[in-house]
1. What is the set of long-range amide H partners of Glu286 at a cut-off below 5 Å, with H atoms built 1.01 Å from backbone N?
2. In whole Å, what three semi-axes, largest first, describe the equivalent ellipsoid of region 330-388 built from its Cα gyration tensor (square root of 5 times each eigenvalue)?
3. Suppose only helical runs count, i.e. DSSP H with n ≥ 4. What mean residue ellipticity at 222 nm does that imply for the chain under -39500 (n - 2.57) per run, divided by all residues and rounded to the nearest 500 deg cm²/dmol?
4. Would you kindly calculate the mean projected area, averaged across all directions, of the convex hull enclosing the Cα atoms of region 1-127, in square nanometres?
5. Quick one: compute the contact order of the chain, relative version, from alpha carbon pairs under 8 angstrom and 6+ residues apart, as a percent.
6. Considering only protein heavy atoms, with the full assembly of protein chains and a 1.4 angstrom probe, order Cys253, Cys271 by accessible area, largest first.
7. Can you give the accessible area of Glu31, probe radius 1.4 Å, in Å² rounded to 10?
8. Taking the Cα centre of region 76-209 as origin, sum charge times position over the Cβ atoms of Lys and Arg (+1) and Asp and Glu (-1), and report the length of that vector in debye to the nearest 20.
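The values are calculated or read from the model by the stated rules, or taken from the named source; none is laboratory data. Being a predicted model, the structure only gives us computed values, none of them experimental. For neighbour counting, all protein chains shown are included, and Cβ atoms are generated from backbone atoms with ideal geometry for every residue, glycine included. Side chains included, ligands, DNA and RNA excluded: accessible areas come from the protein's heavy atoms. Shrake-Rupley method; radii C 1.70, N 1.55, O 1.52, S 1.80 Å.
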Amino acid sequence: MKPEPRRDNSELTREELVRYSRHLLLPSVGEEGQRALKRSRVLLVGAGGLGSPVALYLAAAGVGNIGLVDFDRVDLSNLQRQILHGSAAIGSSKIGSARDRLRDINPNVHIESHETRLTSANALEIARDYDLIVDGTDNFATRYLLNDTSVLLGIPNVYGAVYRFEGQASVFGAADGPCYRCLFREPPPPELIPSCAEGGVLGVVPGLVGTIQATEAIKMLLGIGETLVGRLLTIDVMTMAFRTVEPQNDPECPACGTREIKELIDYDAFCAATADREAETAQVTEIQPTQLAARIAHGERLEIIDVREPYEWEIGHIPGARLVPLDLIQQEIPRLDKTRETILYCKVGARSRYAAQQLAEAGVADVRNLTGGIIRWIDEVDPSMARY
């Protein structure tokens, strides 16, 4: 959906004067600042754990135009942290659920829905008319896509990321600061930093980081305070330690340094390249869910190992598999039947790829990793199994 033209009428109604009265009392905001918020356009990519508090606070603050990008549907496992959605929304689109909730929070805010996956083909067109991008995603491919979109369009990108009990926040792509690629030229191997779906996250952590992102977005729109441009904030909620580091602009950065990136690339392939290099080094090959299903149906003699946790196994598992949690895989290697092909799987494929590399390095000759894990198995082979 193409964003609507910017609305110039930023006069505050009597209702808005009352609604935003606590803002109007602030000398650094006042009526002029509130009108600036009403004129503003913010693109929020992701209506999940990070996007929930961002969307709620931007709408409550009176940011006049909020673009939402998400293509997912609300799942029961989302509700532990994605406070934008409720139980009644399970099964419905996140965009629809978010739109209804934000309209209830503030009917004066215009919500622009982009119910699609953000890709290299549509990112520039979707983002070009916004003042600010807020990154509420949870995967490296979209982070690099958003970073390059931000740099190419000259639109700052408010970044956030969470993992288990930790979080990060910054503002990338501003005129006087570094971009995401200045810190992370290439994505790490997925087994080193798995997603929240693989590694878990304490539900309040994305709430904390998302609230910081919303704060930074409002400060940027108002032009007040010291933002996180040129600073990376790290949070450890186990010790409640907040620390900042000051990354420098990298003159060799292909995005904001040498400017050699002049168009968007295939970011899934870019991020997969690291995983492919790791897999090739360890002599691990992939197997597709449909291929595995066909081989099971033909009665082939396979060693299928589920490296997830016991509670995940109880939710559902592939027929004929046996459970060996990842932290026990090294102990299992001497007991493996070396004459059988060994296939490993987890939820989405990162943990099992790491386990498969360990087996290959230990001399297990024929090791395969199930591409996409049990989630892709559910999508392509057995949709009756429970997703989580």
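1. Result for Glu286 returns Asn369.
2. The equivalent ellipsoid of region 330-388 has semi-axes of 25, 11, 9 Å.
3. -10500 deg cm²/dmol
4. If I average the Cα hull's projected area over directions, I get 8.3 nm².
5. Relative contact order, the chain: 13 percent.
6. Largest accessible area first, the residues go Cys271, Cys253.
7. 90
8. In debye, rounded to 20, region 76-209 gives about 220.
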